[in-house]
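K.L.:
Before anything else, here's the structure in question.
What follows draws every value from the coordinates through simple rules; no lab data is involved. Everything numeric in this text was worked out from a predicted model, so none of it was measured. Virtual Cβ from ideal backbone geometry, glycine too; neighbours counted across all protein chains shown.
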Amino acid sequence: MERGMAPVLAEALGRMHRAGITPVLTRSLAEWLSACDVPVTDAVLTETDPARQDIDLCISLGGDGTLLDTVALLGRSGIPVIGINLGRLGFLSNVRHEDMDAALAALKLGRYALQDRTLLQVTGHGELLGTNDFALNEVSIHKRDTSSMISVRVFLGDDYLNTYWSDGLIIATPTGSTAYSLSCGGPILYPTSDALVINPISPHNLNVRPFVVPDHYTIRLELEARGDRCLLNLDARGHTIDGRATVTIRRAPFTVKMAQLEGHDFLRTLREKLNWGLDPRSGAA
């Protein structure tokens, strides 16, 4: 994080106090603020498990990457999260910085709804992933560096789907359908849809297209890379795995609860952030 963001975060903490909200900082944020010569007077998380603390709501200050990191921190705690955008696009962190005071007032009064968002869980790699084995946006497999494309045999349950020859493969949630998968030509899913997207990255066969499947399927990926290793990514968290490993992905038995303020719904965000329906001739949606 850039040092110049320290005053912005300090100001945001001050706004929380004025709204009657008592902040509790993560240890890493408190240490970073101290290193930037910003006095830290708020409480700091003392437990690695946020569920052990008396926390009603988690506010992510930053961009979408920060919110994904926050979801990884919250894990299975069930603590709701909302993102206030201090970055650029802010699709997941859809509350604008200039709307912060109104948003904090609404949060203080409990004027928000909770929306369960699907998470993906990777099984069979506990020694590598530990308890941080889940993703909000997507699980993806990539070839390493400049190596040749990889082959991925995909099964839905016990049924064979296809072998993908490509630079990689994305398994995206409805939330993640507007992220990496969208940039690779995938469809947009409504966030509460009971579906997943299987999307190849730069496939060798041009007749292979993104495929939407029900999320009750367990998806099994059997890798066959010419190199020794491949990359397994859970959102922005990357891990190196054996090039002939099997990766099993399923809908996680827990969700992340996203706090939704009035007027900050998915459809509005779609129009404003992705220019959905924008007519370039008139400049109006």
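K.L.:
Between the alpha-carbon centers of region 185-199 and region 73-129, tell me the distance in whole angstrom.
P.N.:
About 19 Å separates the Cα centre of region 185-199 from the one of region 73-129.
K.L.:
Let me know the shape class of the chain, please: from the alpha-carbon gyration tensor, a ≥ b ≥ c as square roots of the eigenvalues, rounded when a/c is under 1.5, otherwise prolate if a/b is greater than b/c, or oblate.
P.N.:
prolate
K.L.:
Hey, got the dipole for the chain? About the Cα centre, +1 on K and R Cβ, -1 on D and E Cβ, debye to the nearest 20? Mind showing how you got there, number by number?
P.N.:
Details: 27 positive and 33 negative charges, 89 e Å.
The calculated dipole for the chain is roughly 420 debye.
K.L.:
Counting each DSSP H run of 4 or more residues in the chain as -39500 (n - 2.57), what helix-only mean residue ellipticity at 222 nm follows after dividing by all residues, to the nearest 500 deg cm²/dmol?
P.N.:
Result for the chain, helices only: -5500 deg cm²/dmol.
K.L.:
What order do you get for Val95, Val212 when you list them from fewest to most C-beta neighbours inside 10 Å? Show your work: numbers first, answer last.
P.N.:
On the way: Val95 23, Val212 17.
Fewest-to-most Cβ neighbours within 10 Å comes out as Val212, Val95.
K.L.:
Apply 1/(1 + (r/R0)^6) to the Cβ-Cβ distance of Arg144 and Asp56, taking R0 = 35 Å, and write down the FRET efficiency to the nearest 0.05.
P.N.:
Once the sixth-power term is evaluated, E becomes 0.25.
K.L.:
Sticking with the crude label model, points 7 Å out along Cα→Cβ, report the distance from Asp279 to Asp194 in nm, one decimal please.
P.N.:
3.9
K.L.:
With +1 on the Cβ of every Lys and Arg and -1 on the Cβ of every Asp and Glu, and nothing else charged, how large is the dipole of region 120-251 about its Cα centre, in debye rounded to the nearest 20? If you can, show how the numbers build up before the last one.
P.N.:
Working: 11 positive and 14 negative charges, 42 e Å.
Its charge dipole is roughly 200 debye.
K.L.:
So what's the gap between the Cα centers of region 149-182 and region 10-27, to the nearest angstrom?
P.N.:
Going from one Cα centre to the other spans 41 Å.
K.L.:
Quick one: grab the alpha carbon gyration tensor of region 192-285, order the square roots of its eigenvalues as a ≥ b ≥ c, and give me rounded if a/c is under 1.5, else prolate or oblate depending on whether a/b is larger than b/c.
P.N.:
prolate
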